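The values are calculated or read from the model by the stated rules, or taken from the named source; none is laboratory data. Keep in mind it's a predicted model, so treat the numbers as computed, not measured. Here Cβ is always computed from backbone atoms with ideal geometry, including for glycine, and neighbour counts include all displayed protein chains.
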C-alpha cells in the first residue's frame, strides 16, 4: 500500500497546523473558498499518493525549474511529497538502465492509475530521430507511456502548442502532445514557463478531487486561464484613459503608463500572471516594465514579433481601436479646455453686465 500524502508529512515532521494551512492556501489559490479546505485535507489524509511519470521531449527544462520554485516552501515540499514522482529524468537520482526499469515497473504495476506529465514535445520528422532517449525516439516512449496512463498534463507551451521548436519553418516537425496522443484526457498548462503556483494547484486539484479541472475550449484550466491578463492588469486604467508609453524610456514608461503600443500582448493573452504573479507573488513582466509577450498562447513565436502591437483591440465602442484612444482623449481634453474657457468668459461677461447695471441703477437713484 502506498503511503498517503499526510503519512509522508507526519514522517517528515510537518505539524497538523502547517498541513491545514496548506489546505487553506490551496483552496484559496484554486478559487474554491475556505469551505473546500476540509475536503482537500480529507482527500490528502486518506488517498494514496498518485504515481506520476514525468517525461521530457524537446524543451529547455524551464517548466521543471518553475515547478520546484514554488514560493511557499510548504507548497513545494507538499507537492513533491504528494506525488509519487517515480520517473523524472531531470530530478531523479537514478540513471541509465535503472531509470528505464523504474519507468517500466510503474507502467505495469499501476496500469490505468498513473498521471503522465509531459514537458516538451515530440519531433515527428525523420521518424522522431531528433529526440533520442535510452536509444529510442522520444515519440515512441511517449506513445508507449501514454497508452496506460489515467490522464496527461502538458506542461508549458512546448507540450501545449509546440513553442519555439514548432516556430516556422519547424524543420524537426515538433508537434504538441495533443496532436500525437488523441485518446486520453489532456490538461494543457501553457506558459514559457507556467507559473509555479499554477502548476502545483493543478496537480493538487487532480489529486484532491480525482478528476481533471474544468477546461476552456482549448483545454486549459479555467481557474487560471479564464481571463485575459489585460482584464486584471494594474495598468488597465491607463489603457482606458489613452495613456501609453511610446518608448521604453520615455516619460510615459516612467509614469507606469500602458505598454500596449510597445507590443504588450496582455489584451489577447489568457493567464494568471496579473493575479497570481511570479517570484512568490511579488511581480510579473508588465509590473517590471516589459510588455506581455503572450507566451501562453498558441503560436506566439510566429505572431509578428514581441514588440509589434496588436492592432484590432476595440475600445470605447466597436468602431474605435486602442490606437485612437489617445487621440480621443486629447481631443476631449481640448474640448474641455475650450468649453471651460468659454464658460469662464461668459461668466465674466455676465458678471460685468451685472455690475454695470447695478452702477447705472445706483447713479439713477442718486440723481
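The set of residues from the range 269-291 being under 20 Å from residue 157 (Cα atoms) and either assigned to a strand (DSSP E or B) or in contact with a strand residue (DSSP E or B) (Cβ under 7 Å, 6 or more places away or on another chain) (or both) comprises 269, 270, 277, 278, 284.
Only a single item in (1) under 30 Å from residue 52 (Cα atoms); (2) in contact with a strand residue (DSSP E or B) (Cβ under 8 Å, 6 or more places away or on another chain) is not met by residue 217, and it is number (2).
Candidates in the range 291-314 are the residues that are without any contact (Cβ under 8 Å) to a residue 40 or more places away in the chain and under 19 Å from the mean Cα position of the chain (by Cα); of these, the one that is surrounded by the most Cβ atoms within 10 Å (Cβ to Cβ) is 294.
If the condition is being touching a residue at least 12 places away in the same chain (Cβ under 8 Å) and within 23 Å of the chain's Cα centre (by Cα), then the range 1-39 contributes 22, 23, 24, 25, 26, 27, 29, 30, 31.
Look at residue 286 and say whether it is buried (at least 16 other Cβ atoms within 10 Å of the Cβ), under 20 Å from residue 191 (Cβ atoms) and under 12 Å from the mean Cα position of the chain (by Cα). So residue 286 does not fit the description; no. Among the numbered conditions (1) surrounded by fewer than 18 Cβ atoms within 10 Å (Cβ to Cβ); (2) under 15 Å from the mean Cα position of the chain (by Cα); (3) in a helix (DSSP H, G or I), the only one that residue 237 does not meet is (2).
Quick check, is residue 242 in a loop (DSSP other than H, G, I, E, B), at pLDDT 95 or above and either over 18 Å from the mean Cα position of the chain (by Cα) or within 17 Å of residue 300 (Cα to Cα) (or both)? No.
Hey, any hits in the range 181-194 for a residue that's within 14 Å of residue 58 (Cα to Cα), touching a residue at least 40 places away in the same chain (Cβ under 8 Å) and in a strand (DSSP E or B)? For the range 181-194, residues within 14 Å of residue 58 (Cα to Cα), touching a residue at least 40 places away in the same chain (Cβ under 8 Å) and in a strand (DSSP E or B): absent. Could you tell me whether any residue of the range 195-206 is under 24 Å from residue 283 (Cβ atoms) and surrounded by fewer than 18 Cβ atoms within 10 Å (Cβ to Cβ)? No: zero hits.
The set of residues in the range 138-174 that are surrounded by 21 or more Cβ atoms within 10 Å (Cβ to Cβ) and not in a helix (DSSP H, G or I) comprises 149, 152, 153, 154, 155, 161, 162, 174. The residues in the range 45-69 that are modelled with pLDDT of 80 or more, over 22 Å from the mean Cα position of the chain (by Cα) and outside any strand (DSSP E or B) can be counted, and the count is 2. From the list 258, 273, the one residue that fits, being under 20 Å from residue 193 (Cα atoms) and crowded, with 22+ Cβ neighbours inside 10 Å, is 273. Among the residues of the range 195-226, those that are within 12 Å of the chain's Cα centre (by Cα), over 13 Å from residue 66 (Cα atoms) and assigned to a loop (DSSP other than H, G, I, E, B) comprise 220, 226.
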